[in-house]
Amino acid sequence: MDESRLLDGSAVAARMQEEVAAEVAELARSGVRPRLDAVLVGDDPASAVYVGSKGKACAALGMASRTHRLPATTTRLELEELIRRLNDDPEVDGVLVQLPLPAHLDSRAVLDLVDPAKDVDGFHPANVGLLVQGRPRFAPCTPFGVMELLRREGVEVRGRRAVVVGRSDIVGKPMALLMLHAHATVTVCHSRTRDLAAVTRQAEILVAAAGQPGLIGAEHVGEGAVVVDVGIHRVTDRDTVERLFPAPSRKLDVFDRKGAVLVGDVDFTRVAPRAARITPVPGGVGPLTIAALMANTVRAARLRRGR
Ligand code: NAP
């Protein structure tokens, strides 16, 4: 496909990070070094990778970070004690609890404990409330990153029909709210939506965040739509990869070399020819999420100091 139709999340994320680095340098002149603390409970390998990349991003931008690793057997009280300690520590600007937590811990109750002023993921009800009212303090990172992508790639949102597939607290709902506040006419779909394709085909901007590899096919997409694929799946089954990326394809070649590839919620091969603009996976929404987290952390450092 024509590369100019790709929405280049990596490039936009790099620009966002340059801006964050400039802010960090400015804060450093007054002796402030923003710090992000991540709490990782258990040994989920994907979570460990995500937390690792957040720490690396902090270091690359001149920010401080710490990772607090707790065993999978950690009790609610132990976790609460750590979060309270981080809330009270004046050196800490951002606190993030890596999800998912082990099943015996209630994520919602744990996230409610994070000081809203340090809640750089934007999951605390106080921050959700501000987002609903259209005056976000910390917008959740993935939808925030998607809005930056659309804005910086010149995709008009105002007045357009947007459809979001997915209604999670982390992606779908805040995505819909940010689009609404940017004056789109927004529809939210979920697993009980009847005739999903008939609804999504109406979208001028379609955001797929369903967590289902290749769910969005050509029949779901109207000609000329802008398609943003939030889904990330590491697929290790060759049949699935071949169905989504029929031979000969670069994806299949990568699979044959590495035994796994990343795919999104969108069937890229069949959707890309219909789309005006489309995000790739990887290199689309993923890098934006981290860049948005860095931006939120610097914002927390400023707000806490009244700057
Ligand atoms: P989630 O909590 O599992 O939510 C998925 C949503 O999709 C739910 O609202 C669900 O509906 C809906 N859904 C599931 N199957 C559907 C179907 N067949 N038709 C219509 N709707 C359907 O997932 P999430 O946390 O929002 O994440 C979504 C995807 O984004 C995942 O692939 C995740 O890995 C990815 N993600 C990527 C990033 C990134 O940085 N790129 C960040 C976060 C998440 P119900 O509510 O009815 O169950």
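The values are calculated or read from the model by the stated rules, or taken from the named source; none is laboratory data. None of the values given here were measured: they were computed from a predicted structure. Here the Cβ is made from the backbone with ideal geometry for all residues, glycine too, and neighbour counts use every protein chain on show. Accessible surface areas use protein heavy atoms only, side chains included; no ligands, DNA or RNA. Shrake-Rupley method; radii C 1.70, N 1.55, O 1.52, S 1.80 Å.
Annotations
- Residues in the stretch 128-166 that are open to solvent by 40 Å² or more (accessible area, probe 1.4 Å) and charged (D, E, K, R): R135, R137, R151, R152, E153, E156, R158, R160, R161.
- Boolean, L130 is more than 13 Å from the ligand (Cβ to nearest atom), assigned to a helix (DSSP H, G or I) and without any contact (Cβ under 8 Å) to a residue 24 or more places away in the chain: yes
- Hey, G62 outside any helix (DSSP H, G or I), free of Cβ contacts under 8 Å to residues at least 60 places away in the same chain and more than 25 Å from K173 (Cβ to Cβ) or not: yes
- In summary, R151 fulfils each of the numbered conditions (1) in contact (Cβ under 8 Å) with a residue 12 or more places away in the chain; (2) more than 9 Å from the ligand (Cβ to nearest atom) with the single exception of condition (1).
- The stretch 252-289, residues that are touching a Phe, Trp or Tyr at 6+ places or on another chain (Cβ under 8 Å), within 25 Å of L196 (Cα to Cα) and away from the ligand (no atom under 16 Å from the Cβ): T269
- Some residue of the stretch 178-194 being touching a residue at least 60 places away in the same chain (Cβ under 8 Å) and crowded, with 24+ Cβ neighbours inside 10 Å: no
- Qualifying residue in the stretch 244-251 (condition: open to solvent by 10 Å² or more (accessible area, probe 1.4 Å), in contact with an Asp or Glu (Cβ under 9 Å, 6 or more places away or on another chain), away from the ligand (no atom under 11 Å from the Cβ) and polar (S, T, N, Q)): yes
- Scan the stretch 16-50 for residues that are outside any helix (DSSP H, G or I) and of a type outside the set (D, E, K, R) and the total you get is 10.
- Residue that is modelled with the lowest pLDDT, among those in the stretch 1-15 that are in a helix (DSSP H, G or I) and not hydrophobic (A, V, I, L, M, F, W, C): E3
- Among the conditions (1) in contact with a Ser or Thr (Cβ under 7 Å, 6 or more places away or on another chain); (2) part of a strand (DSSP E or B), V188 misses just one, which is (1).
- Looking at A203, A198, just one residue is free of Cβ contacts under 8 Å to residues at least 24 places away in the same chain and not in a strand (DSSP E or B), and that residue is A198.
- Looking only at the stretch 257-280, residues that are assigned to a strand (DSSP E or B) and open to solvent by 30 Å² or more (accessible area, probe 1.4 Å) come to 2 in all.
- Residues in the stretch 188-209 that are within 13 Å of the ligand (Cβ to nearest atom) and either of a type in the set (S, T, Y) or under 20 Å from G283 (Cβ atoms) (or both): 7 in all.
- Restricting the stretch 78-127 to residues that are open to solvent by 10 Å² or more (accessible area, probe 1.4 Å) and polar (S, T, N, Q), the residue that is nearest to S168 (Cα to Cα): S107
- Yes/no for E3 being closer than 30 Å to V226 by Cα and out of contact with any strand residue (DSSP E or B) (no Cβ under 6 Å at 6 or more places or on another chain): yes
- Residue in the stretch 233-256 that is closer than 21 Å to A13 by Cβ and in a loop (DSSP other than H, G, I, E, B) present: no
- One residue alone among E204, E223 is surrounded by 14 or more Cβ atoms within 10 Å (Cβ to Cβ), among the acidic types (D, E) and farther than 21 Å from S10 by Cβ, and that residue is E204.
- Test for L215: is it within 30 Å of G259 (Cβ to Cβ) and among the aliphatic types (A, V, I, L, M): yes
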